[in-house]
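S.K.: Okay, here's the structure, questions in a sec.
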Amino acid sequence: MSANPRDAAATPSPRAQLLVDCIKEHGASFFDELIDASGLLRSQLEEALAELVALGLVTSDSFGGLRALLVPSNERRPGFNGRRRRTPAHSIDSAGRWALVRRPAAPERKEDAIEHIARTLLARYGVVFWRLLEREAAWLPPWRELLRSFRRLESRGEIRGGRFVSGFSGEQFALPEAIGMLRATRRHPTADQWVSVSGADPLNLVGILTPGPRLPALASNRLLYRDGIPTAMLIADDIQFLEALDGAKEWTAQKELLRGPVQAPPISPAGHQEVRRRPADKVIG
């Protein structure tokens, strides 16, 4: 065995590897159990244990095992009459169990965690910029850290960077499929489509991305969009209109608000299909 453990080979010797396999198979074991399981001589087992301890692969229940291994080998050998010449203060037989050292799992890198959050935001909104995150949780990483993750994703060709939503400063990033949906929406004529969302929904962006007062992010509140434009709000059973509507449109808006939110379509090419409304008896708060 090399005097310096760093100079030893990366893999243990055959005898030491045999001992490692025995501990893996039988678990933490006492010295006499290792003798029976490995079939090694006592001196061979002591040398294998010393090698594994030096490599940082094996540990014991107490320091007694290490102290016993530090006793000179000639003092651990039996005499002519079968007895030890000298009884060491720390015997390897009473050192407790020997077990493999468990390496702690490598902690998740901060960059990986932030990239996961960045991907989640892209999947939620399709297009992400700093103003859009004003209503997100307070524990979200700062925009400067998210910005580095977005730039890495853009450099790898996974997302697109550019100016997708006018009227907002700073860098913007988008999923490739979201860009196609934005272009299709711009070319699509108005269809008088009404969509009601909960106040706790991430799409509650009135007063943030669009003009008008903010709607408190409560599940009991409702926000009504008409062709993507905030039209009315339901706050504590009180309906507030954000734009002037005639009598028929107001009645339609009230009906849409009271029927509850709808399920948002996925951000994918298949998301161009018409949004299906939930049944009135399955209102999601």
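We did not get these values from a lab; they are worked out from the coordinates using the rules stated. Keep in mind that this is a model prediction, so the values were computed, not measured. Reconstructed Cβ throughout: ideal geometry from the backbone, glycine too, with neighbour counts over all protein chains shown.
S.K.: Return, for the Cα atoms of the range 153-270, the radius of gyration and Dmax in Å, separated by a comma.
M.R.: Computed over the Cα atoms of the range 153-270, radius of gyration and Dmax are 16.1, 53 Å.
S.K.: Given R₀ = 35 Å, what would the calculated FRET efficiency be for Ala236 paired with Thr190, taking r from the Cβ atoms and rounding to 0.05?
M.R.: 0.70
S.K.: Moving on. Scan around Ser196 for amide H atoms under 5 Å from its own, H built in the peptide plane at 1.01 Å from N, and keep only partners 5 or more places away or cross-chain.
M.R.: Counting only residues 5 or more places away or on other chains, the set is Tyr225, Val262.
S.K.: Sort 93-100, 15-22 by packing, meaning the average of other beta carbons within 10 Å per residue, with the highest value first.
M.R.: Going from most to least packed, we get 15-22, 93-100.
S.K.: Neighbouring Cβ atoms within 10 Å as the yardstick, rank Leu140, Leu45, Leu122 fewest first. Please list the in-between numbers first.
M.R.: Values: Leu140 13, Leu45 23, Leu122 20.
Fewest-to-most ranking of Leu140, Leu45, Leu122: Leu140, Leu122, Leu45.
S.K.: If you don't mind, there's one more thing I want to ask. Would you give the gap between the C-alpha center of the range 166-213 and the C-alpha center of the range 226-259, rounded to a whole Å?
M.R.: Distance between centres, Cα-based: 18 Å.
S.K.: Which residues among the range 171-209 fall inside the zone where the amide N is under 17 Å from a point 7 Å beyond the Cα of Arg160, along Cα→Cβ?
M.R.: Output list for this probe position: 171-188.
S.K.: Could I ask something else about it? Treat the count of other C-beta atoms within 10 Å as a stand-in for reagent exposure and order Arg109, Arg42 from fewest to most.
M.R.: Arg109, Arg42
S.K.: In addition: Please arrange Ser198, Ser38 by how many other C-beta atoms lie within 10 Å of their C-beta, fewest to most.
M.R.: Ordered by Cβ neighbours within 10 Å, fewest first: Ser38, Ser198.
S.K.: Around Ala200, with a cut-off of 14 angstrom between Cβ atoms, what is the net charge of the other residues, counting Lys and Arg +1 and Asp and Glu -1? Don't skip to the end; give the middle numbers.
M.R.: Working: positive: Arg124, Arg135, Arg214, Arg222; negative: Glu136, Asp201.
Overall, the nearby charge balance is +2.
S.K.: Next question, about the same structure. Calculate the all-directions average of the projected area of the range 105-188's alpha-carbon convex hull, and give it in nm².
M.R.: On the way: hull surface 25.8 nm².
With the hull built on Cα positions only, its mean projection is 6.4 nm².
S.K.: At a Förster radius of 41 Å, what calculated FRET efficiency corresponds to the Cβ-Cβ distance of Leu100 and Arg214, to the nearest 0.05?
M.R.: That gives a FRET efficiency of 0.10.
S.K.: Once you list every other residue whose beta carbon is under 10 Å from the beta carbon of Arg15, what net charge do they have if Lys and Arg are +1 and Asp and Glu are -1?
M.R.: Here the count lands on -2.
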